[in-house]
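The structure under discussion appears below in the form of structure tokens.
Just so you know, all these numbers are worked out from the coordinates, no wet-lab data involved. Just so you know, these numbers come straight off a predicted model, no measurement behind them. Here Cβ is always computed from backbone atoms with ideal geometry, including for glycine, and neighbour counts include all displayed protein chains.
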Amino acid sequence: MFELIEFLSGEVPGGVLILLFILAAVNLTYILLKSSKIISPEKCRKKQLTYSLICILLYAVLWIALKPPLPQIRIIVLPTVSQDGKLQLSEQAFTLAELMERRAFDNLADKYLMHRWQWLFETIGEDSAANYKVWKSIAGRMNAGLIIESAFDADNNINCTVYSYQDEEEIKCFTAEAKTGLSRLIEQLNKEYEVYQTGLLKDNPINKNYLNAKIACIKKDYHKTQALLNDRKDAESKILLAASYMKKGLAVKIDREKAQYTKIVNNEFEKAKKILYEVIRKRQDTPEAAYILGRIALREDRYEDAELFLKKALVEDPSNCRIHYALSYLLSVRLQELGYKNRIEILQKAVYLDPGYTKAVYALAREYFSKGTGTQVGAGTTMAMRIIEDFFKIKSDDPQILSLLASLYLKTDRTDDALSIFSKLQERFPNDSNSYYNLGIVFFQKKEYPQALEYFLKAIDMDNNLDAYLYAAVTYRQMSKRDLALKYYRERVKRKSGNDDKYAKEAMKGIRRILDEIAREEENINEK
């Protein structure tokens, strides 16, 4: 029902509801005119029908005029497998995908959307990346219009199979002999499917070390990435090297309390910036360089710089979902210049570009829920659930999205559903303190305080889980153990991570409430 209303509303302001309101007003007006005998019944019926049809026709014209364009056809180029069907995570497997992606930059036909191979790699994850069946399965669940498979044969030729779903399922095969190279194969594909705006292009050879370094960076093996690139002088290698330092720097935890009083230097970020500023001085920068600098600026709370770099990156590479996601951290007024009204719209674009991008899906679902009523049947909850359900069609075992779904269940009083998910996550990640903390939250909401406390204390014992300190204190207070509640409230305050640490503020409020209660009790005793 919700989907039908959304379809009928199109992009028309007010949607189908405004049409129904106008039709009701027109018909009521003529019913009143008819009952008052101002005009004859026959004339009234004729005008009533005429104006109703005019309203519907005008709405239909608006619906067609404002209807968004058809979705682009997603192209997924799978890695090339060996003769025996096995996938080696090396440059040989991804050369075709990399070449097609490079040709697509600023040259892709408007009807297509190139799904970058590194995005699919990240969606699949390192644990499953060597399993080619997983690549093929997830590509199939991405609703791609073109899926391109390839494999080496005994003579080192490449046999290519294209699955086309543009009108109906169609399979076509192409072969590139080893001596003619991949460029010839890409030309055959382009001739058949008109993938690129410009036909024949000369492909620059891809350095093996560069592509192996790119694979290592996706696998978060930054040491290997840097070892492969340190001696290279070309701009793309330097930018990839900077990307490895940036990603390594993002993993460094920030002491927000310390940062208030002294400048904390992230050495990994400094290395990345040094490389990129040199590239920029030589006028060899790319959208990726601007994105890296923007991402670093966001982490360092330099929002004006972040806006400058990220907008530059977006202008030069508008189909990059990572840039859209990074821009979502800017204020909504900053996004309006790019044509986005709010954070939800730019996150929607990021998810459209890469439906398997976990961070964007997570942020969008949370944004929908927080903007809604928080009820089980509210529009915000419905949209959040739809986003998660769409993601689960691609990957149903992602722990971050599963955890979010369980949290939504908790907030909408579906505690048994939340318990089921959190229990499975705890089995998968027995060494993650958050697994125990989340189970504690479930039992706290079920008012089973002793069991909730058991999980909170376990989370604290494992790695001093900060959030568990607060909830252990709250649980002790519910159990009328004020001394222990005070102890854990104070422990949480000691671990305050900055002025924006809302849990530390809640702990302070908890301390004040208990001390006020004790003071009032003492006053009552003294009065007696």
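Spin-label model, Lys263/Asp500: points 7 Å from Cα along the beta carbon direction are separated by 2.0 nm.
With 10 angstrom as the radius, rank Arg492, Arg116, Arg513 by how many other C-beta atoms surround their C-beta, starting from the fewest.
Working: Arg492 25, Arg116 21, Arg513 14.
Going from least to most buried by this count: Arg513, Arg116, Arg492.
For Lys43, the lysines whose Cα falls under 25 Å of its own Cα, not counting residues fewer than eight places away in the same chain, are Lys34.
Fewest neighbouring Cβ atoms within 10 Å first, the residues His223, His324 line up as His223, His324.
Please go through the residue pairs Lys111/Lys191; Lys219/Lys359; Lys424/Lys458; Lys312/Lys349 and name each one whose alpha carbons sit more than 19 Å apart in this structure. Checking Cα-Cα distances, every pair stays at or under 19 Å. Cut-off 15 Å, label point 7 angstrom out along Cα-to-Cβ of Asp153: give me the residues of the range 85-99 whose amide nitrogen falls inside. Residues 85 fall inside that zone.
From largest to smallest, the equivalent ellipsoid semi-axes obtained for the chain from the alpha-carbon gyration tensor read 45, 41, 23 Å. Placing dummy labels 7 Å off each Cα toward the beta-carbon, the span from Thr29 to Lys136 is 6.3 nm. Estimated from helical segments only, the mean residue ellipticity of the chain at 222 nm is -20500 deg cm²/dmol, where each DSSP H run of four or more residues counts as -39500 (n - 2.57).
Here is what passes the span test in the chain: the DSSP H helices with alpha carbon length of 27 Å or more along the helix axis and a Kyte-Doolittle mean of 1.0 or above are 15-35.
Ignoring lysines fewer than eight residues from Lys502 along the same chain, the ones with Cα atoms less than 16 angstrom from its Cα are Lys494. Once the C-beta distance of Asp413 and Gln336 is scaled by a Förster radius of 35 Å, the resulting FRET efficiency is 0.45 to the nearest 0.05. With both labels modelled 7 Å from their Cα along Cα-to-Cβ, the Asn107 to Glu389 distance reads 4.2 nm.
Please give the charge dipole size of the chain, origin at the Cα centre, charges +1 on K and R Cβ atoms and -1 on D and E Cβ atoms. Round to the nearest 20 debye. Show your work: numbers first, answer last.
Numbers: 80 positive and 72 negative charges, 289 e Å.
So the dipole magnitude of the chain works out to roughly 1380 debye.
Charges on Cβ only, +1 for Lys and Arg, -1 for Asp and Glu, centred on the Cα centroid of the chain; of Asn131, Gly10, Ala485, which one is farthest towards the dipole's positive end? Sorting the options by dipole projection puts first Ala485.
Give me the mean projected area, in nm² to one decimal, of the convex hull enclosing the Cα positions of the range 73-201. Walk me through the numbers on the way to the answer.
Details: hull surface 29.8 nm².
Approximately 7.4 nm², given one-decimal rounding.
When the Cα positions of Cys44, Gln426, Leu108 are compared along the charge dipole of the chain, Cys44 comes out farthest toward the positive end, with charges on each C-beta of Lys, Arg, Asp and Glu.
Using Cβ contacts closer than 10 Å as the measure, can you line up Glu278, Glu427 from fewest to most? Don't skip to the answer; put the middle values down first.
Values: Glu278 13, Glu427 9.
Least to most surrounded, the residues fall as Glu427, Glu278.
In units of the rule-of-thumb radius 2.2 N^0.38 Å, the range 211-317 shows an alpha carbon radius of gyration of 1.08.
Around the Cα centre of the range 49-187, unit charges on the Cβ atoms of Lys, Arg, Asp and Glu (plus for the first two, minus for the last two) sum to a dipole of about 380 debye.
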